[in-house]
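Q: Pasting a structure below so you can have a look.
What follows draws every value from the coordinates through simple rules; no lab data is involved. In this text the structure is predicted, and so the values were computed from the model without any measurement. Here Cβ is always computed from backbone atoms with ideal geometry, including for glycine, and neighbour counts include all displayed protein chains.
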Amino acid sequence: MYRTEESSKIGEYIGKLIARKYGADRQFAIEYIKLRDGIDEEPASDEIQRVANKICQMKKIGKGIQINDLPILSELLEVSVDSILSAGKVAKPAPTRTTNYSVAFSNDKKIWKEYIERPDKLILNEDEYGKTVIDYAIEFGNYGFLKYLIDNGYIYLIDEDQQKYWGSFGSGTTIEGRPPFDYDLLEYKMKQNDSLRTNIIALALENKDYKILDEAKAREIPSLYEASYFYGTALDVKKYYNQQFMDQVARASDEVLVYFSSEFEIETNRKALCRLTFPYLGKLLDMAVKADRKATATMLKNALKHNQDVLKELKKIGKAAEDSFSSIRQYMDEKTIMEGIMQDFHFYEENDTVCFHSGINSAGNFQGIFSTVVRVSASSKDEYIKSLIEDVNRSYNQVKNFVYKEV
């Protein structure tokens, strides 16, 4: 049982739905007349204007809504009559209609294809509850539908242009919007919300589709591409943490766990060539240790080798920086030289990253590094695992407290 809302609130609700789906009153008026009169051809312009004016009055003050309008509004706006009369407070789907909700719940490829090819392009927009078809597919765990969209090129998780890796990996859709409005919230949400990508990867892991891991950059986050040898502030790593994704990775096979503990290489948008690990490898290791996973030892060895390689690289960069002072060394004391070298070393404990470079004076032998560093918080009763954890954390502290030379 619900109460019918005030006319003004109903009008406001109808207005939002019209704007979301049709963009303009005139377009909605045309579809309204076609459905009301059962015609396919373009209605007369004076009738379009008359209905558009009526719709304008509906939106402003809820004036002019008749009982015989309700079935038409329900059909065109794809909400129930209950939703209209309650101004959206009653989330009751209209029966027999095709919606983001029903399509995402379906396993019928014919229904998927028909929905994608609809001329009104409903698939590109949110419904009255603010959800896209991708949102619902993730919520329902319908990986078959998501894979269909990816395999057929309707959506993509990674843009080919690396310069678009800001906030996300440039995910988007190739489905063309409806002219002249091109009102496409799906595209916007995919580009603004990287958790859609990681949630899809989580479903892929649940369905043992491991091929997607490299294709969707499963070990990477967009902010890594902002990294530089010269970076003076910490990158935003916490922003992209997705617990649902992490839980699914932790439950995956040992092979997948080892994959997530292995190094990979990227060139950032700031031209830094970086060897990195999964930014949340420390948290993943904690989960693996607590679950006593068979892959834990291998994961810890990978983390240890990575930390040790970072430390070796820091020493090489320090040597290159020191060599750059050779022509002026006789005029400087050792303390000043070491301070000049270490001023370009930055360690960010809040996201476990480090950067260092050999300085502007080393142009002929310039070297730099930006990398992740791994630490483990969990403990183990297994002596071998315990010793590996200690080694990983020792190497982490050596990087964190790195000093090229004591003076």
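Q: From the square roots a ≥ b ≥ c of the eigenvalues of the alpha-carbon gyration tensor of the stretch 235-311, which class results: rounded (a/c under 1.5), prolate (a/b over b/c), or oblate? Mind dumping the intermediate values first?
A: Working: a/c = 2.21, a/b = 1.38, b/c = 1.59.
It comes out oblate by the Cα gyration axes.
Q: Sticking with this structure for a sec: Relative to the longest principal Cα axis of the chain, at what angle does helix 281-290 sit, 0 to 90 degrees, rounded to 10?
A: Helix 281-290 sits roughly 90 degrees off the main axis of the chain.
Q: Of the listed pairs 34/131; 238/335; 239/400; 271/315, which have alpha-carbon separations greater than 32 Å here?
A: 238/335
Q: For n ≥ 4 DSSP H runs only, could you compute -39500 (n - 2.57) per run for the chain, divide by its residues and tell me the 222 nm figure to the nearest 500?
A: Working: 18 runs with 195 residues, N = 407.
Calculated from helices alone, the mean residue ellipticity at 222 nm is -14500 deg cm²/dmol.
Q: If you don't mind, there's one more thing I want to ask. Give the angle, between 0 and 90 degrees and rounded to the nearest 10, that separates the Cα long axis of helix 296-323 from the longest principal axis of the Cα atoms of the chain.
A: With both axes taken from Cα atoms, the answer is about 60 degrees.
Q: Work out how much length residue 269 to residue 166 would gain on full extension: take 0.36 nm times their residue separation and subtract the Cα-Cα distance, in nm to one decimal. Each step should come with its number before you reach the end.
A: Values: separation 103, 0.36 × 103 = 37.08 nm, distance 1.01 nm.
Stretched out fully, the residue 269 to residue 166 stretch lengthens by 36.1 nm.
Q: Now, a different point. Give the cross-link partners of residue 381 among the lysines, using a straight C-alpha distance below 21 Å as the criterion and excluding same-chain residues fewer than 8 apart.
A: 283, 290, 294, 301
Q: Rounded, prolate or oblate: which fits the chain, taking a ≥ b ≥ c as square roots of the Cα gyration tensor eigenvalues, rounded meaning a/c under 1.5, else prolate when a/b beats b/c?
A: Prolate, because a/c is 1.5 or more and a/b exceeds b/c.
Q: Got a sec to turn the phi values of the stretch 384-390 into Karplus ³J(HN,Hα) couplings, 6.51 cos²θ - 1.76 cosθ + 1.60 with θ = phi - 60°, whole Hz, x for Gly and Pro?
A: 5, 5, 4, 5, 5, 4, 4
Q: Have a look at 303, 83, 53 and report the one farthest towards the positive end of the charge dipole of the chain, computed about the Cα centre with Cβ charges (Lys/Arg +1, Asp/Glu -1).
A: 303
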